[in-house]
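Written out below as structure tokens is the structure these notes cover.
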């Protein structure tokens, strides 16, 4: 290629998300970037992925932007329309969901997510969405991928409310609580993180092209593990960018 | 046996302090006309249970009818937060038992099956569970699996006094079809002591008998059937009508403050003597026709 391919940070994140999915996996998604990542994987290396929404929707093919999962726009051309006991029960709780995508107000050094409140839970606070299916996916999926904006207020040493557990305070804490799985990746608009196998603390895996390490670290409120050898996140290919723009999301309906 | 009646009569069967399961999910199939009538009749002290918080619960909380909400969290998606519920939680005027979607579905399922409790993998290790310990310590416990010895978190079943369900099609006995996703409506109804069905279309029982596999709610569980078009407005009813973007935005703005919300109630709830009056207030037949669902898309 002679000229550098142009892409947005959002497209890069979607591609990084798609890379986390293997063919034949069952994936629990919410709206937005996880949908693009999953559709992209389905159209490239993983055609046999099953996509599910918590309220009982399997493999929809929406053509209009939805305001949320309750919007019939996102159920369009689904293969199954059922309910929570079917999706979150017989699929997720049974242990069949391979990957769940999660987001939230903030996450922390051990991948715990807060979607409930900001402030002091025992004093003055602002209440937001709460769990929905988030806690269930975090508790029952084989692994989860966290998508979050790279801002210091969203990447804290400890979250003010653990709505959806990651590795709790690290080490064997999650297992001791009786939970399987756990977060495998955190994808921000500046970097991709994993988790140290022993301490379960967040560890930098790669930095997106054009970002310096200081830039990544200065926009976090905790210090992640930084390995000596730090690669650059693989950028999207021309085919991936074309698929996102022309086939998966020509209207820009998933872009926030 | 016909159970068809007016909305006012169905609502009057619910005493203050009752436990009510509501059928809405965010902006879909919310029991809005029902909620308006509850507020108009001045019913208070309700416990509301719902998997994912919806506009029916929010307006009931804002209207002062709810003492306790048992729910799995939720928002209106791109239409923002449920301000009345959040304000009630922040100010301590609303007791909130917050769970997750699956915990709520399982609690309704356990109620439907007549089980004493239901084990669940969710909630463990989270602050959601810590918070439940403070708000509702008697709603969960731990047991040892008699087969493996593993320790399990178990939840108490929910058995609401009445489930209120907004459906697309029902007959006069209350045999009802729900089209599209049903979230945990079926479990809610089957967990409850009885159900009030609010239907967009009332059909002869022969229509039900022709496609009985579509029946989600059997009539023998139903105490009242209310035939009322657009009873979920401004929320969506799949394959019947779309949500009303402008009206939801108006509600969202109004509910940001107690004063704004009171004005909304004065205009659309207290300002309407019944649902038909409300439909005129929001723009009547001309406006409603514009919301009708496309038969291919379903919205």
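Filter region A:163-194 down to the residues that are assigned to a strand (DSSP E or B) and free of Cβ contacts under 8 Å to residues at least 24 places away in the same chain and list them by number.
Correct list: A:194 only.
Can you name the condition, by its number, that residue A:59 falls short on among (1) within 12 Å of chain B (Cβ to nearest Cβ); (2) free of Cβ contacts under 8 Å to residues at least 40 places away in the same chain; (3) within 21 Å of the chain's Cα centre (by Cα)?
Result: residue A:59 passes all but (1).
So which residues in region B:211-223 are touching a strand residue (DSSP E or B) at 6+ places or on another chain (Cβ under 9 Å) and in a helix (DSSP H, G or I), if there are any at all?
Filtering region B:211-223 for residues touching a strand residue (DSSP E or B) at 6+ places or on another chain (Cβ under 9 Å) gives B:211, B:214-219, B:221-223.
Correct list: B:214, B:219, B:221.
Going by the structure shown, is residue B:165 in the same structural domain as residue B:57 (by TED's automatic domain parsing) and under 23 Å from residue B:74 (Cβ atoms)? Spell out how you get there, then give the answer.
Working: in the same structural domain as residue B:57 (by TED's automatic domain parsing): yes; under 23 Å from residue B:74 (Cβ atoms): yes.
It is true that residue B:165 is in the same structural domain as residue B:57 (by TED's automatic domain parsing) and under 23 Å from residue B:74 (Cβ atoms).
Against the conditions (1) in contact with a helix residue (DSSP H, G or I) (Cβ under 8 Å, 6 or more places away or on another chain); (2) within 24 Å of residue A:56 (Cα to Cα), where does residue A:139 fall short? Just the number, please.
If we test residue A:139 against (1) in contact with a helix residue (DSSP H, G or I) (Cβ under 8 Å, 6 or more places away or on another chain); (2) within 24 Å of residue A:56 (Cα to Cα), just (1) comes out false.
Restricting to region B:60-75, count the residues that are closer than 26 Å to residue B:190 by Cα and in contact (Cβ under 8 Å) with a residue 60 or more places away in the chain.
Of the residues in region B:60-75, 1 are closer than 26 Å to residue B:190 by Cα and in contact (Cβ under 8 Å) with a residue 60 or more places away in the chain.
Can you tell me which residue is nearest to residue B:50 (Cα to Cα) among those in region B:145-168 that are in a strand (DSSP E or B) and without any contact (Cβ under 8 Å) to a residue 40 or more places away in the chain? Steps first, answer last, please.
First pass over region B:145-168, keeping only residues in a strand (DSSP E or B): B:151-155, B:162-168.
Next, only the ones that are without any contact (Cβ under 8 Å) to a residue 40 or more places away in the chain stay: B:151-154.
On the way: B:151: 28, B:152: 24, B:153: 21, B:154: 19 Å.
Among them, the one singled out is B:154.
Checking the condition in contact (Cβ under 8 Å) with a residue 60 or more places away in the chain and either under 30 Å from residue B:113 (Cβ atoms) or within 11 Å of chain B (Cβ to nearest Cβ) (or both), which residue from A:71, A:86, A:98 passes?
Residue meeting the stated conditions: A:98.
Report whether or not residue A:182 is within 14 Å of chain B (Cβ to nearest Cβ), out of contact with any helix residue (DSSP H, G or I) (no Cβ under 7 Å at 6 or more places or on another chain) and at positive phi.
No, not satisfied.
Give just the number: which of (1) out of contact with any helix residue (DSSP H, G or I) (no Cβ under 9 Å at 6 or more places or on another chain); (2) assigned to a strand (DSSP E or B) does residue A:52 not satisfy?
Residue A:52 satisfies every listed condition except (1).
Spot the failing condition for residue A:32; the list is (1) at positive phi; (2) without any contact (Cβ under 8 Å) to a residue 60 or more places away in the chain, and only one is missed.
For residue A:32, the exception is condition (2).
Within region B:21-37, can one find any residue that is free of Cβ contacts under 8 Å to residues at least 40 places away in the same chain and either away from chain A (no Cβ under 14 Å) or assigned to a helix (DSSP H, G or I) (or both)?
Checked against the condition, which is being free of Cβ contacts under 8 Å to residues at least 40 places away in the same chain and either away from chain A (no Cβ under 14 Å) or assigned to a helix (DSSP H, G or I) (or both), region B:21-37 yields at least one hit.
Residue-wise test of (1) assigned to a helix (DSSP H, G or I); (2) surrounded by fewer than 24 Cβ atoms within 10 Å (Cβ to Cβ).
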site: B:56; (1), (2): yes, no
site: B:68; (1), (2): no, yes
site: B:74; (1), (2): no, no
site: B:78; (1), (2): yes, yes
site: B:87; (1), (2): yes, yes
site: B:90; (1), (2): yes, yes
site: B:93; (1), (2): no, yes
site: B:106; (1), (2): yes, no
site: B:122; (1), (2): no, no
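Let's see how each residue does on (1) surrounded by 20 or more Cβ atoms within 10 Å (Cβ to Cβ); (2) out of contact with any strand residue (DSSP E or B) (no Cβ under 8 Å at 6 or more places or on another chain); (3) away from chain A (no Cβ under 14 Å):
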position: B:202; (1), (2), (3): no, no, yes
position: B:209; (1), (2), (3): no, yes, yes
position: B:229; (1), (2), (3): no, no, yes
position: B:243; (1), (2), (3): yes, no, no
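Report, by residue number, each residue of region B:104-119 that is facing another protein chain (nearest Cβ under 9 Å) and out of contact with any strand residue (DSSP E or B) (no Cβ under 6 Å at 6 or more places or on another chain).
Those that are facing another protein chain (nearest Cβ under 9 Å) and out of contact with any strand residue (DSSP E or B) (no Cβ under 6 Å at 6 or more places or on another chain): B:104, B:105, B:108, B:109.
Can you find a residue that is farther than 26 Å from residue A:252 by Cβ, more than 8 Å from chain B (Cβ to nearest Cβ) and surrounded by fewer than 18 Cβ atoms within 10 Å (Cβ to Cβ) anywhere in region A:36-43? Spell out how you get there, then give the answer.
Let us first name the residues in region A:36-43 that are farther than 26 Å from residue A:252 by Cβ, namely none.
No, every residue in region A:36-43 fails to be farther than 26 Å from residue A:252 by Cβ, more than 8 Å from chain B (Cβ to nearest Cβ) and surrounded by fewer than 18 Cβ atoms within 10 Å (Cβ to Cβ).
Just a yes or no: is a residue in region A:21-33 buried (at least 24 other Cβ atoms within 10 Å of the Cβ) and not in a loop (DSSP other than H, G, I, E, B)?
Checked region A:21-33: at least one residue is buried (at least 24 other Cβ atoms within 10 Å of the Cβ) and not in a loop (DSSP other than H, G, I, E, B).
Against the condition in contact with a helix residue (DSSP H, G or I) (Cβ under 6 Å, 6 or more places away or on another chain) and not in a helix (DSSP H, G or I), how does residue B:226 come out, does it pass? Even if it seems obvious, please write down each step before you answer.
Numbers: in contact with a helix residue (DSSP H, G or I) (Cβ under 6 Å, 6 or more places away or on another chain): yes; not in a helix (DSSP H, G or I): yes.
Against the criterion (in contact with a helix residue (DSSP H, G or I) (Cβ under 6 Å, 6 or more places away or on another chain) and not in a helix (DSSP H, G or I)), residue B:226 qualifies.
In this structure, is residue B:60 surrounded by fewer than 24 Cβ atoms within 10 Å (Cβ to Cβ), touching a helix residue (DSSP H, G or I) at 6+ places or on another chain (Cβ under 6 Å) and at pLDDT 95 or above?
Answer is no for this residue.
Would you check if there is a residue in region B:121-141 being more than 30 Å from residue A:124 (Cβ to Cβ) and more than 10 Å from chain A (Cβ to nearest Cβ)?
yes
Among the listed residues B:219, B:149, B:174, identify the single one that is buried (at least 24 other Cβ atoms within 10 Å of the Cβ), more than 10 Å from chain A (Cβ to nearest Cβ) and more than 28 Å from residue B:290 (Cα to Cα). Walk me through how you get there before you give the answer.
Values: B:219 fails: buried (at least 24 other Cβ atoms within 10 Å of the Cβ); B:149 fails: buried (at least 24 other Cβ atoms within 10 Å of the Cβ).
It is B:174.
Return yes or no: is residue A:236 farther than 20 Å from residue A:107 by Cα, touching a strand residue (DSSP E or B) at 6+ places or on another chain (Cβ under 6 Å) and assigned to a loop (DSSP other than H, G, I, E, B)?
no
The values are calculated or read from the model by the stated rules, or taken from the named source; none is laboratory data. Owing to the predicted nature of the structure, the values given are computational and were not obtained by experimental measurement. Glycine gets a Cβ as well: all are built from the backbone with ideal geometry, and neighbour counts include every protein chain shown.
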